[in-house]
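One structure is given here, and the rest of the page talks about it.
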């Protein structure tokens, strides 16, 4: 396959999963307490999408990767410090809210507009990658909408594998119910692939890749377009469920006694 | 005045999945509370049997797109769009299954609507539809409503009783969609070779943590033994197997239980499965496990650390013991 793909990965930042999150109601709707101060990571599924894109670009000549990322500019800059060494890409930043409470349609609108504005993007070779869901909104809806807004009707969700053929067509494995894969064949780009975990490990840091990315990252961040992305909903309440259980700690029983107790519990 | 549409895909055998029947219960209750009409919209190879099975649900209209056995996005999206437009729905209630979850957001974009997915509750308060859903991977729950219409909702499993009303002969209006799809469904295949370890309907979720592959009291790891113990336990209990991320991630390092994949993973980047009981072994994570275990009712853990952050306040019972010894004995007893 000589033409290669133009792969646009949609991925933003989410709070580090090890952080304790507390919702906060504001005049614009809900948010997180100290949201701007919370350490962020690249959204895990979007991260998998980026690594899969980079892997495809490594294997297929003339393939290029862009990362379109919607989030507060300062936080995107911090995020780039950690992911710029992972894979070669060109950043297309959008300065706006990365909150989980924003509406997926408005987020999709901002992403689709940014993709349409990428100079030199060949829409006939376009693969739009992203996570099948985010660790913030967790809706699993944004990528389909981005695809629709770009007029792409070949879409795949919960993807774990793509196998590209010589003629540019590809086979995709999507997760479906019952621990099964749905295997489909698409004639070729353009298509939307929303990734689950894929099969690739997180790539190690590569300082050379980081240096290469940094040449374009900072100018791109400075030129980031600001957008307003809202919730488009009325939130009555947002709360952390109180589910503290009264844990019974069993320390003094023998292995036999513990096994007996568990066996009875399982059979109940 | 709201018009409620219940939308679902029909299974290969012509029936409706349990989660679809649950969301039909939700749609019926919502339509009743609103005093609005209910339409049933179905998608599948042949929807007549499924429509007849729920003929007594009180729907004023049944609409179907037949001849679409294979889930291909382009075709499904057009079918969804046609059904929503035909029904004139302002509120769409659908089950959160892979085929529907894949296509409804796109259909929402086509009909100019808004969508909320993984909804756990739909209520009508003061004539206004109010939903509940989780944010930040089951860390916080919100109650919200929208003015936008059509408003499309996918309902998670386990929140409503499956519809069990009378069957009958449903008058189905058939719609046709013509789409030249560039994608072809080839087959379904098991994600794992060999024994299936993910069983969504199991009454017990067994979660294996990274401790299974760590060095044991003799200073050596016993991965093969761990594998055999877990495999035997799963065979005897027919439990579903979950895993911590740290254990699955060891795949790249060699020592890993051979039947584990990322599909088994629970937690932040994995699943939040729903089972009546859960038994965690050798797990030491806290927040990621809380996320993964949000919908497990009765939780027990076997762990060598009595102060384990995961177990304290999250499990009902924590057995401070060696999981190798306990599971081995348990396998003898079961």
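The values are calculated or read from the model by the stated rules, or taken from the named source; none is laboratory data. All values reported here derive from a predicted model rather than from experimental measurement. Cβ atoms come from the backbone with ideal geometry, glycine included; neighbour counts cover every protein chain shown.
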Checklist line | Failed item in (1) within 14 Å of chain A (Cβ to nearest Cβ); (2) in a strand (DSSP E or B); (3) free of Cβ contacts under 8 Å to residues at least 60 places away in the same chain, with residue B:39 passing the rest | finding: (1)
Checklist line | Positions within the stretch A:34-91 being part of a loop (DSSP other than H, G, I, E, B) and under 12 Å from residue A:202 (Cα atoms), in sequence order | finding: A:85, A:86, A:87
Margin query: For the stretch B:191-243, which positions are within 13 Å of another protein chain (Cβ to nearest Cβ), within 27 Å of residue A:174 (Cα to Cα), touching a strand residue (DSSP E or B) at 6+ places or on another chain (Cβ under 9 Å) and not in a strand (DSSP E or B)?
Written below: B:191, B:196, B:197, B:198, B:199, B:200, B:201, B:202, B:203, B:234, B:238, B:239
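Out of B:182, B:149, B:199, which single residue is in the same structural domain as residue B:113 (by TED's automatic domain parsing), surrounded by fewer than 20 Cβ atoms within 10 Å (Cβ to Cβ) and in contact (Cβ under 8 Å) with a residue 40 or more places away in the chain?
That would be B:149, the only listed residue that is in the same structural domain as residue B:113 (by TED's automatic domain parsing), surrounded by fewer than 20 Cβ atoms within 10 Å (Cβ to Cβ) and in contact (Cβ under 8 Å) with a residue 40 or more places away in the chain.
Can you tell me which residues in the stretch A:124-155 are in contact with a helix residue (DSSP H, G or I) (Cβ under 9 Å, 6 or more places away or on another chain), outside any helix (DSSP H, G or I), under 19 Å from residue A:11 (Cα atoms) and within 7 Å of chain B (Cβ to nearest Cβ)? Outline the logic, then answer.
We begin by selecting, within the stretch A:124-155, every residue in contact with a helix residue (DSSP H, G or I) (Cβ under 9 Å, 6 or more places away or on another chain); these are A:126-135, A:137, A:139-155.
Still in the list and also outside any helix (DSSP H, G or I): A:126-135, A:137, A:139-141, A:150-155.
Pick out the ones that are also under 19 Å from residue A:11 (Cα atoms) and you get A:126-135, A:137, A:139-141, A:150, A:152, A:155.
Across the stretch A:124-155, the qualifying residues are A:135, A:137, A:139, A:140, A:141, A:155.
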Next item on the list: Tell me which residues, restricted to the stretch A:118-170, are more than 16 Å from residue A:190 (Cβ to Cβ) and without any contact (Cβ under 8 Å) to a residue 12 or more places away in the chain.
Entry: A:119, A:163
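For every residue, the table says whether it meets (1) more than 7 Å from chain B (Cβ to nearest Cβ); (2) under 30 Å from residue B:239 (Cβ atoms); (3) at pLDDT below 90.
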site: A:206; (1), (2), (3): yes, no, no
site: A:215; (1), (2), (3): yes, no, no
site: A:234; (1), (2), (3): no, no, no
site: A:242; (1), (2), (3): yes, yes, yes
site: A:264; (1), (2), (3): yes, yes, no
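Only one of B:64, B:69, B:74, B:12 is in a helix (DSSP H, G or I) and either in contact (Cβ under 8 Å) with a residue 24 or more places away in the chain or over 30 Å from residue A:191 (Cα atoms) (or both). Can you tell me which?
Details: B:64 fails: in a helix (DSSP H, G or I); B:69 fails: in a helix (DSSP H, G or I); B:12 fails: in a helix (DSSP H, G or I).
Exactly one of B:64, B:69, B:74, B:12 is in a helix (DSSP H, G or I) and either in contact (Cβ under 8 Å) with a residue 24 or more places away in the chain or over 30 Å from residue A:191 (Cα atoms) (or both), namely B:74.
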Notebook entry, point to check: Mind checking which pairs have a first residue in the stretch B:95-108 that is more than 9 Å from chain A (Cβ to nearest Cβ) and at positive phi and a second that is assigned to a strand (DSSP E or B) and surrounded by fewer than 24 Cβ atoms within 10 Å (Cβ to Cβ), Cβ under 7 Å, 6 or more apart or different chains?
Noted result: none
Notebook entry, point to check: If you scan the stretch A:32-58, which residues turn out to be without any contact (Cβ under 8 Å) to a residue 40 or more places away in the chain and out of contact with any strand residue (DSSP E or B) (no Cβ under 6 Å at 6 or more places or on another chain)?
Noted result: A:34, A:36, A:37, A:39, A:58
Check: Looking at the stretch A:174-190, which of the residues that are at the interface with another protein chain (Cβ under 8 Å from one of its Cβ atoms) and modelled with pLDDT of 95 or more is surrounded by the most Cβ atoms within 10 Å (Cβ to Cβ)?
Finding: A:174
Checklist line | Residue in the stretch A:98-123 that is surrounded by the fewest Cβ atoms within 10 Å (Cβ to Cβ), counting only those that are assigned to a loop (DSSP other than H, G, I, E, B) and more than 14 Å from chain B (Cβ to nearest Cβ) | finding: A:119
Next item on the list: Residues being under 19 Å from residue A:253 (Cα atoms) and assigned to a loop (DSSP other than H, G, I, E, B): count how many of those fall in the stretch B:290-333.
Entry: 11
Notebook entry, point to check: Are any residues in the stretch A:103-156 under 13 Å from the mean Cα position of the chain (by Cα) and within 17 Å of residue A:52 (Cβ to Cβ), and if so, which ones?
Noted result: A:128, A:129, A:130, A:131, A:132, A:133, A:134, A:143
Note to self: Considering only the stretch B:162-177, I want to know if a residue exists there that is within 10 Å of chain A (Cβ to nearest Cβ) and farther than 26 Å from residue B:332 by Cβ.
What the structure shows: no
